[in-house]
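The values are calculated or read from the model by the stated rules, or taken from the named source; none is laboratory data. Here the structure is a predicted model, which means the values were calculated and not measured. For neighbour counting, all protein chains shown are included, and Cβ atoms are generated from backbone atoms with ideal geometry for every residue, glycine included. In case anyone asks, the SASA skips ligands and DNA or RNA and just uses the protein heavy atoms, side chains included. Shrake-Rupley method; radii C 1.70, N 1.55, O 1.52, S 1.80 Å.
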Amino acid sequence: MTKDQKVILIGLSGCSSTGKTTIAKLTAELIEQGTLIHEDDFYKHDDEVPIDPKRNIANWDSPEALNFPLFRKELDHIRTTGDIKTELIHNNNVDDLKKFKISPEIVDQLKQKYSTIASNFKIVIVDGFMLFNDPEVRSKLDIKILIRAPYIQLKQRRAARSGYQTLDSFWVDPPYYFDEFVYKSYTDTHGPLFINNDVEGRLDPVKASDINDFINSDEIAMEQTLQWVCDTIVNLCKDL
């Protein structure tokens, strides 16, 4: 990072299985000297994750499963230096990027767009499922992007995954986990951002006035999603 560059923290959030982490990784690869940090890397150790009293299993989708104080501290450090300080263990729970065949022409086009802001900004992509419900974390982000998808598609995508690597073990969802934990937690924590608390509906124009959302449904090609994200970031950076 040069002394003339301003650090820009771009929050890319959404419910599990919206494709946000895949989009974040692909976007970071398009930005020269960009930085990518995952909120998932701030999960607590297995024995510190809250146990749900009803099902008697770990609730990985509760805010209490994350080390928010360390995460906030890390964001402050990145804001100051542009670099990641904490030694993180990334579990790489993300789709295989090779299956997304982005044409070379689109890649070149997006890289060129990002290059128009590279001299002025050090771009940091912050990927996480709990970025906008936490007021302190939300306030640290310059640009906020919410990736969404219909409930049924989220459930199908989640079910297609074999499981998730944690700090200490490998987690496999019980059959009821998506509805009772993943989607319920998303609804509980993000409902206030939507009109009538309907997370399948429209964002509240007052409560979520600073959030830009995109429906990453199965009918949308990854190239289209990456183009929308790029245009949103480049256009909003012009106002910073």
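Residue check: residue 31 meets all listed conditions (1) closer than 22 Å to residue 238 by Cβ; (2) within 15 Å of the chain's Cα centre (by Cα) but one, namely (2). Of all the residues in segment 16-60, those that are part of a helix (DSSP H, G or I) and either acidic (Asp, Glu) or under 30 Å from residue 109 (Cα atoms) (or both) number 17.
Candidates are the residues of segment 3-17 that are touching a strand residue (DSSP E or B) at 6+ places or on another chain (Cβ under 8 Å) and farther than 15 Å from residue 38 by Cα; the one that is surrounded by the fewest Cβ atoms within 10 Å (Cβ to Cβ) is 6. All conditions in (1) of a type in the set (A, V, I, L, M, F, W, C); (2) closer than 27 Å to residue 64 by Cα; (3) in contact with a helix residue (DSSP H, G or I) (Cβ under 9 Å, 6 or more places away or on another chain); (4) surrounded by 21 or more Cβ atoms within 10 Å (Cβ to Cβ) hold for residue 110, with the sole exception of (2). Within segment 209-240, the set of residues being among the small types (Gly, Ala, Ser) and without any contact (Cβ under 8 Å) to a residue 24 or more places away in the chain comprises 209, 221.
Look at (1) at pLDDT 95 or above; (2) over 19 Å from residue 6 (Cα atoms); (3) out of contact with any Ser or Thr (no Cβ under 7 Å at 6 or more places or on another chain) and you find that residue 76 fails only one, number (2).
Criterion applied to 98, 85 was being modelled with pLDDT under 95, more than 19 Å from the chain's Cα centre (by Cα), under 25 Å from residue 163 (Cβ atoms) and open to solvent by 70 Å² or more (accessible area, probe 1.4 Å), and the one residue passing it is 98.
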